[in-house]
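Here, each number is a calculation from the coordinates, and none is a lab measurement. All values derive from a computational prediction rather than experimental measurement. Please note: Cβ atoms are built from the backbone with ideal geometry, for glycine as well, and neighbour counts cover all protein chains shown.
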Amino acid sequence: MYKRVVLKLSGEALAAGRGFGVDVDRIHEVAHEVAEVRSLGVEVTIVVGGGNFFRGVAEQAKDMDRVSADHMGMLATVINALAIQDAIEKQGVQCRVMSAIEMNQVCEPYIRRRAIRHLEKGRVVIFAAGTGNPYFSTDTAASLRAMEIKADVLLKATKVEGIYDADPVLIKDAVKFEQITYMEILRLGLKVMDTTAVSLCKDNNLPMVIFNMNEPGNIRRVVMGERVGSLVTS
């Protein structure tokens, strides 16, 4: 169904419930699914968060300068990106980490045309360090990179089945949206992604699928066109 995708992973997803750090088994599960999707001929890019190490707007950063805190969060995403790269390469798939903050000894700088070339050569590309700018989340980075590389869809992996009208963890009878528009998300104030990311997708007609990452095989199902999670369109 989709030829080129951007997969947005949260840092917490890589911690697998432990709250902090990287769960090796979880990383390899994700890498296996990514390799499986890549074997279908789909060009895969990944944007990863850093909340399992540091988040610029978290309680631990409340007394810090916001710019410094956000830069720490960006560096945390690079740690996660390198961990995912290692796991994907152990699956026999070539992978490149491209960072919005230059650190040449560790990974490549983000250059749009080079990223597209990597995809054309069959490599998985991981975009690290967000947008490289403070005050912008990794959700916004995922939306931005999706536009730049002309992705067909943005896949946001979460711990719930899709988009609900209330938090399904707290409210048992929360209603799930099978399909919803970006305007409805903004109007209802749903905490799917930050408003900058939602607006960017809306303005550029980029579809987005919110799905449960904890269900094995879901990435493949979404890419194959099965109705998994919630579809967001303009």
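Considering only DSSP beta bridges with both partners in segment 4-233, what is the antiparallel share in %, to the nearest 5?
Roughly 15 percent of the beta bridges in segment 4-233 run antiparallel, per DSSP.
What percent do you get for the relative contact order of the chain when only Cα pairs under 8 Å and 6+ apart count? Don't skip to the answer; put the middle values down first.
On the way: 472 pairs, mean separation 51.0, N = 234.
Once divided by the residue count of the chain, the mean separation gives 22 percent.
Output the DSSP H helices from the chain with an along-axis C-alpha extent of no less than 27 Å and a mean Kyte-Doolittle hydropathy no less than -0.5. Let's see the in-between values first.
Numbers: long enough: 66-89 (35 Å, 0.63).
Helices meeting the span and hydropathy rule in the chain are 66-89.
Report the Rg/Rh value for the chain, based on alpha-carbon coordinates and the Kirkwood definition of Rh.
On the Cα set of the chain, Rg over Rh gives 0.94.
Summing +1 for each Lys or Arg and -1 for each Asp or Glu, what net charge is found among the other residues whose Cβ lies under 11 Å from the Cβ of SER10?
Computed value for this residue: +2.
Quick one: how many lysine pairs does segment 4-233 have with C-alpha atoms less than 22 Å apart and a gap of 8 or more or different chains? Give me the count, please.
So the count works out to 22.
Let me have the 222 nm mean residue ellipticity of the chain computed from DSSP H runs of 4+ only, each contributing -39500 (n - 2.57), with the sum over all residues rounded to the nearest 500.
-11000 deg cm²/dmol
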